[in-house]
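These notes concern the structure reproduced below.
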Amino acid sequence: MSKYMLKRLFSMFLTLFVVITIVFFLIRMVPGDPLASMARNLPEQVKANFYAEYGLDKPLITQYFIYMKHLLHGDFGESLVYLGQPIKEIILRAIPPSMVINIHALLWGVTTGIGLGILAAYKRGKWPDHLVMFIAILGVSIPSFVLATALQYLFSVQLNWLPTIGWTSEPGMKQFKYSIMPTIALSFGIIAVYSRYMRASVLDVLNQDYILTAKAKGVSGFSLAYKHVLRNSFIPAITILGPQIAGIIVGSFVIESIFGIPGFGQVYVSAITNRDFTQILGQTVIINALYIFSLFVVDIVYGLVDPRIRVFNK
Amino acid sequence: MKKILDIKNLTIDFNTYAGRIQAVRNISFSLYEGEILAIVGESGCGKTVTSKSIMRLLPEATAQVNNHSEIIFDGQNVLKLKGKELKKIRGDEIAMIFQDPMSALNPTMKVGHQVAESLLIHTKITKKQAFKEAVQMLKLVGLPMAEKRAHEYPNQYSGGMRQRAMIAIALACKPKILIADEPTTALDVTIQAQIMKLIKTLQADLNTAIILVTHDLGIVAGMADRIQVMYAGQIIERGVREELFYDPQHPYTWALLRSVPKVSQKSKSQLYSITGTPPDLLYPPKGCAFAERCEYCMPICRKDPPVETIISKTQSVNCWLQHKDAPKLNKPSGLKGVIHGQSL
């Protein structure tokens, strides 16, 4: 077990290292720099001072080593655009709003999706199945930003029930009202994906021989569904759950921008338009670390559900 | 002997996109207490469908059992049973072993729990007692280190061990009838012999009646008391073991027996096989279903279905050759001897 863990840990760090390196050089190849977004016509001397201040005048490879050295000490550096603001603080500020919305969306989306998928499989070919599959196709094919705009039009402009955009960092009724529409917009796609996955998976399991064995034993109804069908159907759903858990913190670029939520995604998008190199890198590191870690968690959860792919014994 | 199961006019169709497949066509037979009844025939002749229908395990969406069909067990028609009554029979009175032990066990459940499950459903015992009983059952079927193995998952078992576990599951509640659907097809030959021996020993101990579905005549020779030969959804010949092996009457039974390779056969000689394929059960033939492949086919065979001819108290056959006007034939030689050396 420990050997497996070590191997896994090593490859996780290697992946992270490779990603950071690629992103570091990649964003520097993109035309534009942080100054361009703040002031276009600065005197050359001022520009030179700015570059010198942040070390951008040094050769790229030297900059890379300096950055990696700081990163190893857990220092993400300072923003190039919001002067004097450490990246760490910007990120920590942006995470809570993203988490609120995404936890809501994930809980609502996954439970509803799984429920609908199971329902559709058990009622295969009947109207509940057709209804669920219709919802699933809508959910997959309508982009979340279209749905978001439609929701804003309906609930804010026409009915005037909910605020169009905005956010408050205080938890409570007001925050909840702000979070309703983004949650729905985000969860619709999740419902679509999970209901399809679960339906296919349950149908597959229902056709397995061991379900016949269980029926021949006299198992029926709830205990057949719970002990024999569902546990075996959850495996594919777990695969897609990992990246989505990482997504709780990472947030959604599009939805956060549409609803004006100062979350991780929105901050990331503005960092890219501003060419705020340190911030882009900092957030990239966080996103990647989360994805890599979530995949590792998925591998362990797999084993809890399915003994055939258990990576180590208790 | 007491009749324990009585099947009358069983007819089963499958509704498919291509049309209605007549998988089982009006068959009737009985099972007696403590006997081993073998149902033999090639793939697609309706053996498995028949055996599954006894436990009502056919897919309800596509399989359609004719309204006049009856499966009488314990004075009641199994086909008419609902929810609770059906549950009582499944696993407790009638149990089943499936063909492929690799896929017939739940991969995410400990084997001990899978054996204990039917005990928990059908008897009033605690979980702990049921598990203990399950371990006993696993010991009985010859699983090595049963205490430890009961806590393992099916993927940690070999094929033979899994089939032993399946037998333990099936026999946990000491059923009156055990349906074994090709229980050794997926196993290699040495394990086959062990498993068949185990089934036979346990059958004698528990006095369970067995319906053995198989296409392996070697197994039948060693185990069965009575044999029924199925072809294209019908029973075409039936009799006790000796009758079927020493004095078979139907050309299909002859062909089946001739198809068994013999040890005495010369190494270069070609193995016998039945030419042609079984009829399409979407459109079963008007006359005898075997007519197209029969070496002794007569004009009447294609026109009208043969009626059942009683040969002895136990043997009967559906074949026009039994008619008084049919030519007298010499049965193909080399049929005898199949039974020798095959018994366990």
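Here are the numbers for this structure:
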read-out: The range B:146-178, subset among the hydrophobic types (A, V, I, L, M, F, W, C), over 11 Å from B:Ala95 (Cβ atoms) and part of a helix (DSSP H, G or I), residue nearest to the other protein chains (Cβ to nearest Cβ); value: B:Ala165
read-out: Residue that is out of contact with any Ser or Thr (no Cβ under 7 Å at 6 or more places or on another chain) and more than 19 Å from A:Lys123 (Cα to Cα), where the choices are A:Ala214, A:Ala225; value: A:Ala214
read-out: Some residue of the range A:67-81 being within 21 Å of A:Ile249 (Cβ to Cβ), open to solvent by 40 Å² or more (accessible area, probe 1.4 Å) and among the polar types (S, T, N, Q); value: no
read-out: Residue satisfying all of: in the range B:10-54; part of a loop (DSSP other than H, G, I, E, B) and of a type in the set (S, T, N, Q); farthest from B:Arg238 (Cα to Cα) among these; value: B:Thr16
read-out: Residue satisfying all of: in the range B:55-89; open to solvent by less than 20 Å² (accessible area, probe 1.4 Å), within 13 Å of another protein chain (Cβ to nearest Cβ) and part of a loop (DSSP other than H, G, I, E, B); modelled with the lowest pLDDT among these; value: B:Leu81
read-out: Residue in the range B:90-115 that is surrounded by the most Cβ atoms within 10 Å (Cβ to Cβ), counting only those that are β-branched (Val, Ile, Thr) and farther than 22 Å from B:Leu206 by Cα; value: B:Val111
read-out: Identity of the residue in the range A:234-273, over 14 Å from A:Val110 (Cα atoms) and of a type in the set (S, T, N, Q), that ends up nearest to the other protein chains (Cβ to nearest Cβ); value: A:Ser252
read-out: Set A:Ser252, A:Ser294: member being under 12 Å from the mean Cα position of the chain (by Cα), open to solvent by less than 30 Å² (accessible area, probe 1.4 Å), closer than 25 Å to A:Ile165 by Cα and hydroxyl-bearing (Ser, Thr, Tyr); value: A:Ser252
read-out: Number of positions in the range A:32-59 that are open to solvent by 70 Å² or more (accessible area, probe 1.4 Å) and either under 18 Å from A:Tyr268 (Cα atoms) or assigned to a helix (DSSP H, G or I) (or both); value: 5
read-out: Selection status of A:Phe134, farther than 13 Å from A:Ser195 by Cα and in a helix (DSSP H, G or I); value: no
read-out: Candidate set: the range B:26-54, residues that are hydroxyl-bearing (Ser, Thr, Tyr) and under 19 Å from B:Tyr231 (Cα atoms); chosen: the one modelled with the lowest pLDDT; value: B:Ser43
read-out: B:Gly287 in contact (Cβ under 8 Å) with a residue 12 or more places away in the chain, in the same structural domain as B:Gly41 (by TED's automatic domain parsing) and of a type in the set (Gly, Ala, Ser); value: no
read-out: The lone exception for B:Glu133 - which of (1) farther than 30 Å from B:Gly276 by Cα; (2) in a loop (DSSP other than H, G, I, E, B) it fails; value: (2)
read-out: Residue check for A:Ile280: touching a residue at least 40 places away in the same chain (Cβ under 8 Å) and surrounded by fewer than 18 Cβ atoms within 10 Å (Cβ to Cβ); value: no
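Yes/no matrix, rows are residues, columns are (1) open to solvent by 20 Å² or more (accessible area, probe 1.4 Å); (2) within 12 Å of chain B (Cβ to nearest Cβ); (3) without any contact (Cβ under 8 Å) to a residue 12 or more places away in the chain:
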{"residue": "A:Ala148", "(1), (2), (3)": "no, no, no"}
{"residue": "A:Phe155", "(1), (2), (3)": "yes, no, no"}
{"residue": "A:Met173", "(1), (2), (3)": "yes, no, yes"}
{"residue": "A:Pro182", "(1), (2), (3)": "no, no, no"}
{"residue": "A:Ala185", "(1), (2), (3)": "no, no, no"}
{"residue": "A:Val193", "(1), (2), (3)": "yes, no, no"}
{"residue": "A:Tyr197", "(1), (2), (3)": "yes, no, no"}
{"residue": "A:Lys215", "(1), (2), (3)": "yes, yes, yes"}
{"residue": "A:Gly221", "(1), (2), (3)": "yes, yes, yes"}
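The values are calculated or read from the model by the stated rules, or taken from the named source; none is laboratory data. This is a predicted model, so every value here is computed, not measured. Every residue, glycine among them, receives a Cβ derived from its backbone with ideal geometry; neighbour counts consider all protein chains shown. For accessibility, only protein heavy atoms count, side chains too; no ligands or nucleic acids. Shrake-Rupley method; radii C 1.70, N 1.55, O 1.52, S 1.80 Å.
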